[in-house]
Structures are given as structure tokens and as C-alpha cells.
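The values are calculated or read from the model by the stated rules, or taken from the named source; none is laboratory data. Quick caveat, the model's predicted, so the values are computed rather than measured. Heads up, the Cβs are rebuilt from the backbone with ideal geometry, glycines too, and the neighbour counts pull from every protein chain shown. Side chains included, ligands, DNA and RNA excluded: accessible areas come from the protein's heavy atoms. Shrake-Rupley method; radii C 1.70, N 1.55, O 1.52, S 1.80 Å.
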Amino acid sequence: MSLKIAAFSGSLRKESYTTKLVKAFQHLAPNGVTVEIIDISQLPFINQDLEEDLPQQVKDLHNSIQNADAIILATPEYNRSYSPVLKNALDWGSRPAGQNKWDGKATVVLGCTPYNLGAFGAVNHLRQVLVYLNMHPVQQPEFYLAQAADKFDEQGNLIDEQTKKMITTLWTTFIELINKLK
Ligand SMILES: Cc1cc2nc3c(=O)[nH]c(=O)nc-3n(C[C@H](O)[C@H](O)[C@H](O)COP(=O)(O)O)c2cc1C
């Protein structure tokens, strides 16, 4: 098995728990699975005027999506919705009209918060958008990481055994979905 996964963190914060969670997924990936974390911090704000001559950052994003067998989307929760940084990347990946790069991609959606509710509101807003983009998210198990501050050590390594098990289980289901969609 050889699979390439493109992973996106919706937080640009240096010490982001969401990004640490993506790195934990990268670390726990099964043999033969490569996870590349895509930098979306330099994407311009979505602007249709730029579509006539796409910025290099947008072209790079398009290549990253097209070259990936599947996608990981991890989001913090902002005011009960998902991050605008991630929305911007999703929007650019869907443009120009009729050239949606996300089309048909197997996807995992991760919610992450230092608080109690696991970014449920964020994940469920995000899932609505994936329907329109014709992405295929793993439906079960859902993944919500609450109390994220307690789950990583000072170096950013995941130290919570239950979360590690959740990730391993999700990887198994994700790989099954990727293979089913091939
Ligand atoms: C604008 C804004 C709105 C927020 N709204 C929520 C929220 O609705 N729910 C929540 O659990 N945390 C909320 N938070 C707190 C974030 O969960 C927290 O800052 C978290 O660390 C952000 O994720 P990160 O660590 O990956 O950067 C909000 C933070 C910001 C900056």
C-alpha cells in the first residue's frame, strides 16, 4: 500500500493544538501512508479578480490536492463554526468554477479545542460544506478532541493513550474508505 494524504490545519497559531493533532495523525499513520501538512498561511483571501492569473500559492494548493489520494481537515472552533483559514483554502480549492479539486476525495474531519465540547459546532458546519464540494468524509467514527491542552507534552507530542487509540481506529476506517472509493 502506498497512499499520499494532504493534511490541512485550520489554525495558523504557532502553538496550535489543532496542528499538533494533525502531527499526531502524521506520526501514527500506517505503513505506506505519507501525510504532508500543507501550508495554507500564505494563500491570499479568496478574490475572483485573482482567478484570471492565479497566484502561485493557489496553484501550489491545487497541485497538493490533486496529487493526494485523500484529505485530512482539522479545525479549531471559532464562535461555534470552523476556521476562516480553512474556509479560504476550501474556497480556493474549488475554483475556478467547474474545476473543483476536492471532488470525490476521501476525507477525515477533526475537531479540536482546549474546552469541553470538542469543536462540535465547527465540525458540523464544516461537514455541510463538504457535501457541496462532493467530498467523502468518514462518517463514523466522528473525531472531537476536547481538553486539548491536557493531551500534549511541552514538545507538542500527543501523550493521551485514549486519543492515540481514537486516531488508530480512525486511520483503519479512513484507509478502508480510500480503498473503497478507488
Ligand atoms: C475568534 C475565536 C473564537 C473562538 N470560539 C470558540 C468556540 O466557539 N468554541 C471553542 O471551543 N473555542 C473557541 N475559541 C477558543 C479556541 O478553541 C482556542 O483559542 C484554541 O486554542 C484555538 O485552536 P488552536 O490551538 O489550534 O489555535 C475561540 C477562539 C477565537 C480566537
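Details
- Selected residue (criterion: farthest from Gly10 (Cα to Cα)) from residues of the range 71-112 that are polar (S, T, N, Q) and assigned to a loop (DSSP other than H, G, I, E, B): Gln99
- Selection from the range 111-144 of residues that are within 16 Å of the ligand (Cβ to nearest atom) and among the polar types (S, T, N, Q): Thr113, Asn116, Asn124
- Odd one out for Thr34, checked against (1) surrounded by 14 or more Cβ atoms within 10 Å (Cβ to Cβ); (2) touching a Ser or Thr at 6+ places or on another chain (Cβ under 9 Å); (3) outside any helix (DSSP H, G or I); (4) not small (Gly, Ala, Ser): (1)
- Of the residues making up the range 81-110, those that are more than 16 Å from the ligand (Cβ to nearest atom), at negative phi and open to solvent by 10 Å² or more (accessible area, probe 1.4 Å) number 10.
- Members of the range 57-80 found to be hydroxyl-bearing (Ser, Thr, Tyr) and either open to solvent by 70 Å² or more (accessible area, probe 1.4 Å) or farther than 24 Å from Phe174 by Cβ (or both), listed by number: Tyr78
- Scanning the range 37-81 for residues that are without any contact (Cβ under 8 Å) to a residue 12 or more places away in the chain and within 15 Å of the chain's Cα centre (by Cα) turns up just one, Asp39.
- Taking the listed residues Thr18, Thr34, the one that is closer than 14 Å to Val109 by Cα, among the polar types (S, T, N, Q) and touching a residue at least 12 places away in the same chain (Cβ under 8 Å) is Thr18, with no other qualifying.
- The set of residues from the range 16-31 being small (Gly, Ala, Ser) and either open to solvent by 30 Å² or more (accessible area, probe 1.4 Å) or near the ligand (Cβ under 9 Å from one of its atoms) (or both) comprises just one member, Ser16.
- A single entry from Lys164, Lys180 fulfils the requirement of being in a helix (DSSP H, G or I), modelled with pLDDT of 95 or more and exposed (fewer than 12 other Cβ atoms within 10 Å of the Cβ): Lys180.
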